[in-house]
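Undergrad: One structure coming up, written as C-alpha cells, with questions to follow.
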Amino acid sequence: MSRRPVTRRGLLGGAGAGVLAVGLSACGIRLESGAPAIPGLQTQGPPVDTAALQATVASRTMALETLAQPSAGLQTSIKPAYRQQLSRLQAVMASAGMPEATSSPTTGTTAKSLVGFETFIRAQLNASTFARIAGAEAAYVPMLAASSALDAGAALSPQGVAAQGPAPAWPTAALPADVAVGLLPAVREAVYGLEVIAAKSALSGRARVTATLHTMYPIRAQLEAIAGDAAPPLHSTYALTPDPSTDQARTTLARHLLTAVVAACADQAAATKGSADHVGALLHVWGTALTTSWTWGVPPVAFPGLAE
C-alpha cells in the first residue's frame with residue numbers, strides 16, 4: 001500500500017523527532033525535497049527524470065535562440081511549434097516539482113555560434129539524446145520522443161539535409177518487430193492512397209505525389225521485412241476519405257494519410273523505452289513522415305502525433 005509523503009511539520013508535530021527518525025528511516029520514508037535535514041532521516045532527491053527534462057528544455061531554448069535570427073520558409077512556420085514545446089515542457093516540470101536547470105552563461109553563445117537552426121537541430125539527433133529518451137520513465141517517453149520528432153522533421157527537410165555540419169547520428173539498428181507491425185497499417189494505407197492520388201492526378205501535377213511515394217516505398221519495404229510473418233494481412237483496397245476526385249480533395253487526403261503515419265509513430269514511442277537504438281530508428285521514420293507531410297501543407301505542431 002502506498003504511503004502519503006511525510007512532511008517535516010507532520011514529523012515534528014508528534015513525538016520526539018529522534019524517535020520518529022529511526023522508525024521512518026527504517027521504513028524508507030524520506031523528507032520532502034528541500035526540508036532541513038534531520039539526523040537519521042533521508043531527504044528526497046530531485047524528482048525522477050529531472051535531468052532529462054532539463055536537457056530537453058535547454059535544447060528547446062537554444063533552438064529558439066537560433067530561430068531568433070532572420071529566417072524564412074520552414075524556420076518561420078516551425079518557430080511557434082518550438083515555443084509551444086518549451087512552454088509545455090516548463091509547465092510539466094513545474095507541476096512535477098522539477099527545478100529548471102540554471103542557465104549557463106555560454107548557452108546563447110553556443111547556439112548562436114552555429115551556422116543556423118538546421119545545423120543546431122541536426123546535432124541534437126545523437127546517441128545521447130536517444131539514450132535520454134529511452135531511459136526516461138514510461139510516462140515521459142512519448143512526450144520526449146515527440147519533442148525530438150520535431151527535430152527529426154526539421155533535420156530531414158530539404159533545408160536540414162542541405163545544412164552544414166555533421167548529419168544526425170541515426171542508429172544502424174532496425175526497429176523491433178512489434179513496432180514495425182504497429183506502423184505497417186498506417187504506412188500501407190498511405191501508400192495505397194497516394195497511388196490512387198497519383199492515378200487520378202494529371203501528368204503535369206504528379207511531381208509531389210511521385211516524390212512522396214518514392215519516400216514511402218522504402219519505409220513500407222523496410223517495415224515488412226522487419227515484421228516478417230508477424231505482419232498484418234494485406235488489404236487489397238481501402239476506403240479513402242475524402243474521395244480524391246478534385247485537386248483539393250487529393251491534397252486533403254494526402255495530408256490525412258501522412259498525418260496518420262505520424263500518429264502511428266507517436267503510438268509506438270512507448271514501445272522503444274529502454275533502447276536508444278530503437279528510439280533513434282523510430283525517430284528516423286517519424287521525422288521522414290513528418291517532413292513529408294509538411295510538403296503537403298500540414299503545419300508543424302509542438303508534439304507531432306500526440307493529442308494536443
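The values are calculated or read from the model by the stated rules, or taken from the named source; none is laboratory data. Predicted, not measured: the structure shown is a model, and the values here were computed from it. All Cβ positions, even for glycine, are placed from backbone atoms using ideal geometry, and neighbour counts span all protein chains on display.
Undergrad: Whether any residue in the stretch 254-269 is β-branched (Val, Ile, Thr), out of contact with any Asp or Glu (no Cβ under 9 Å at 6 or more places or on another chain) and within 22 Å of Tyr192 (Cβ to Cβ) is what I want to check. If you could, list the steps in order and put the result at the bottom.
TA: From the stretch 254-269, those β-branched (Val, Ile, Thr) are 259, 261-262; that's our starting set.
Now drop any that are not out of contact with any Asp or Glu (no Cβ under 9 Å at 6 or more places or on another chain), which leaves 259, 262.
After this cut, where a residue has to be within 22 Å of Tyr192 (Cβ to Cβ) as well, the list is 259, 262.
For the stretch 254-269, residues β-branched (Val, Ile, Thr), out of contact with any Asp or Glu (no Cβ under 9 Å at 6 or more places or on another chain) and within 22 Å of Tyr192 (Cβ to Cβ): present.
Undergrad: Suppose we filter the stretch 167-203 for residues that are in a loop (DSSP other than H, G, I, E, B) and within 21 Å of the chain's Cα centre (by Cα); how many remain? Don't jump to the end; show me each part of the working.
TA: Filtering the stretch 167-203 down to residues in a loop (DSSP other than H, G, I, E, B) leaves 167-176, 201-202.
Checking the rest, the ones that are also within 21 Å of the chain's Cα centre (by Cα) come to 167-176.
The total comes to 10.
Undergrad: Might you check whether a residue that is in contact with a Cys (Cβ under 9 Å, 6 or more places away or on another chain), at negative phi and either surrounded by 12 or more Cβ atoms within 10 Å (Cβ to Cβ) or modelled with pLDDT of 95 or more (or both) occurs anywhere in the stretch 149-163? Walk me through how you get there before you give the answer.
TA: Taking the stretch 149-163 as the starting set, the residues that turn out to be in contact with a Cys (Cβ under 9 Å, 6 or more places away or on another chain) are 149.
Add one more test, that the residue is at negative phi, and what stays is 149.
After this cut, where a residue has to be either surrounded by 12 or more Cβ atoms within 10 Å (Cβ to Cβ) or modelled with pLDDT of 95 or more (or both) as well, the list is 149.
The answer is yes, given that some residue of the stretch 149-163 is in contact with a Cys (Cβ under 9 Å, 6 or more places away or on another chain), at negative phi and either surrounded by 12 or more Cβ atoms within 10 Å (Cβ to Cβ) or modelled with pLDDT of 95 or more (or both).
Undergrad: Now for a different question. Out of all the residues in the stretch 226-279, which are among the aliphatic types (A, V, I, L, M), assigned to a loop (DSSP other than H, G, I, E, B) and farther than 18 Å from Ala174 by Cβ? Spell out the reasoning first.
TA: Filtering the stretch 226-279 down to residues among the aliphatic types (A, V, I, L, M) leaves 226-227, 230-231, 234, 239-240, 249, 253-254, 257-258, 260-264, 266, 269-271, 276, 279.
Checking which are assigned to a loop (DSSP other than H, G, I, E, B) leaves us with 231, 234, 239-240.
Correct list: Leu234, Ala239, Leu240.
Undergrad: Determine, yes or no, whether Leu223 is surrounded by 14 or more Cβ atoms within 10 Å (Cβ to Cβ), free of Cβ contacts under 8 Å to residues at least 24 places away in the same chain and not basic (Lys, Arg). Spell out the reasoning first.
TA: Values: surrounded by 14 or more Cβ atoms within 10 Å (Cβ to Cβ): yes; free of Cβ contacts under 8 Å to residues at least 24 places away in the same chain: no; not basic (Lys, Arg): yes.
For Leu223, the condition - surrounded by 14 or more Cβ atoms within 10 Å (Cβ to Cβ), free of Cβ contacts under 8 Å to residues at least 24 places away in the same chain and not basic (Lys, Arg) - is not met.
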